[in-house]
Amino acid sequence: MSVHAEVRRISVPQLTSYKGSKKIAALTAYTAPIARLLDHHLDMILVGDSTAMVGYGMPDTLSITTEMLTAHARAVVSATRQVCVVVDMPFGSYQESPQRAFRNAAAMMAGSGAQAVKIEGPAALAPTTRFMVERGIPVLAHVGLMPQYMNVMGGFKAQGFSDEVAERILQDALAHQEAGAFAVVLEGITEALGRRITETLSVPTIGIGASPACDGQILVTEDILGLSGGRIPKFAKQFADIGTLISNAVQQYANDVRSGDFPTPEHCFGVKK
Ligand code: KIV
């Protein structure tokens, strides 16, 4: 038995219990150094399939694999102690059947130590949520603007402007909740719809471009840190300019290497002070 005093991670049921009492603060992370910095400040880290675009420079999220996301999630889990870690299921890994979804989700959780998976999808995917939850896999559902459906939706477009689409998205969220989802990510929907879904659901909503009324918020970490190459979505806010700090530090390093100011004897082995 371990003699270390362990800090317990925030659990999935704890996150659900925050509804109405505490806002969920969440961000994405794909690597150990970033995850380590986020750990003590957040309730949840999502190892998002956005790493396809943010980390690999792919044009969309469709080409990331379960193996890639499992490896990123393993790094994030090993660098954190406190936060609840959720891993995204990639495009094609869960839509075909609940059984296939379960097998892939179980392998991703076993291979990474993540506590839950996220799936994008309308109400038609609710049976998949139910199948996984009933077999021990906590599911975070994602409705509204679903980047994995970009080819069906015709791009990354905000949703819910018409009554018909707004009603459908509400029903999507309700279907996943009834199937056992522990929370629902609402992405890129109108303020009014974000508010309405949040007021209707008994599980927390986690918004990204979905109104301050949501029970929590999530953003892509690179967007808030100024690491997205100057272009951030309308719904994001840049809280720091780490990109400029990195660029200045690298320029200083290159200058010192070229001028011979680095390395100095203190950086050498076998040189007496
Ligand atoms: O992949 C992702 O980063 C997401 C968002 C909800 C942040 O799905």
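The values are calculated or read from the model by the stated rules, or taken from the named source; none is laboratory data. Worth saying up front: this structure is predicted, and the values here are computed from it rather than measured. Neighbour counts are summed over all protein chains in view; Cβ atoms, including those assigned to glycine, are modelled from backbone coordinates with ideal geometry.
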Query raised in the report: If you go through segment 220-253 one residue at a time, how many are assigned to a helix (DSSP H, G or I) and either in contact with a strand residue (DSSP E or B) (Cβ under 6 Å, 6 or more places away or on another chain) or closer than 30 Å to His176 by Cβ (or both)?
Result: 4
Report summary line: Scanning segment 191-219 residue by residue, those surrounded by fewer than 20 Cβ atoms within 10 Å (Cβ to Cβ), free of Cβ contacts under 8 Å to residues at least 60 places away in the same chain and either within 16 Å of the ligand (Cβ to nearest atom) or part of a loop (DSSP other than H, G, I, E, B) (or both) turn out to be Pro212, Ala213
Query raised in the report: touching an Asp or Glu at 6+ places or on another chain (Cβ under 9 Å), in the same structural domain as Leu193 (by TED's automatic domain parsing) and either among the hydroxyl-bearing types (Ser, Thr, Tyr) or on the phi > 0 side of the Ramachandran plot (or both) - does that describe any residue in segment 130-145?
Result: yes
Query raised in the report: Which of the residues belonging to segment 59-84 are part of a loop (DSSP other than H, G, I, E, B), surrounded by fewer than 20 Cβ atoms within 10 Å (Cβ to Cβ) and among the hydroxyl-bearing types (Ser, Thr, Tyr)?
Result: Ser63, Thr65
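Scan segment 96-123 residue by residue and report those that are over 16 Å from Val47 (Cα atoms) and either within 16 Å of the ligand (Cβ to nearest atom) or surrounded by 21 or more Cβ atoms within 10 Å (Cβ to Cβ) (or both). I'd like the intermediate steps shown before the answer.
At the first step, the residues of segment 96-123 found to be over 16 Å from Val47 (Cα atoms) are 96-103, 121-123.
Correct list: Ala101, Gly121, Pro122.
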Query raised in the report: Residue check: is Ala126 surrounded by 14 or more Cβ atoms within 10 Å (Cβ to Cβ), among the small types (Gly, Ala, Ser) and within 16 Å of the ligand (Cβ to nearest atom)?
Result: no
Report summary line: Within segment 133-174, residues farther than 27 Å from Ala52 by Cβ and in a helix (DSSP H, G or I) come out as Glu134, Asp163, Glu164, Ala166, Glu167, Leu170, Gln171, Leu174
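What tally of residues in segment 206-247 results from selecting those that are more than 17 Å from Gly160 (Cα to Cα) and of a type in the set (Phe, Trp, Tyr)?
We begin by selecting, within segment 206-247, every residue more than 17 Å from Gly160 (Cα to Cα); these are 215-233, 236-247.
Those left that are additionally of a type in the set (Phe, Trp, Tyr): 239.
Selection size over segment 206-247: 1.
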